[in-house]
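Reviewing the structure listed below.
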Amino acid sequence: MVRDEAFGPDFSLLRVVLEQNRNLTVVDEADAIYGDELIDSLYGLNYFYQGSAELAIEPSPERSTLVATALAESASNNFQRSSLLLSDHVDVLCEIIWHADLDVRGREGPSPQPKQGNLSRRRSREQSPRTAKRVSRRE
């Protein structure tokens, strides 16, 4: 039988172990989890981490919806959870942003075409590649 004191004052040693290994759960003989409120919140973060990592391993058609929901509900007020979720699912974040950009463009209509006069002024100000090479060789 292990005593609570074995985990350090205020479970500080257990906290260090759980921060290093997010897949670990420490229980007693009766399967009760050791810890206090801080350890419980750390377990909550670790379970969130495990779910996020598992979702990244087994992609599904619902993955982008699940990530968006988790980001909006479970991680919206928690920077650590938000950053963890976004780092595990960068591709989903890019997909969400891409779709949001298309939605905004669709509501605004087609993007306006630049005027021909502006383009010709820009071209006249730019140096040709040969001119740029000659200038750099002289320096």
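Just a few scattered comments:
- Fully extending the segment from ILE33 to VAL17 would add 4.3 nm, taking 0.36 nm per residue of separation and subtracting the current Cα-Cα distance.
- Stretchable slack from ASN77 to ALA100, in nm (0.36 nm times residue separation minus alpha-carbon distance): 6.1 nm
- Residues THR25 and GLU62, FRET efficiency given R0 of 25 Å [Cβ-Cβ distance, rounded to 0.05]: 0.40
Coordinate-derived values only; no laboratory data. Note that the coordinates shown come from a computational prediction; the quantities given were computed from them, not determined experimentally. Heads up, the Cβs are rebuilt from the backbone with ideal geometry, glycines too, and the neighbour counts pull from every protein chain shown.
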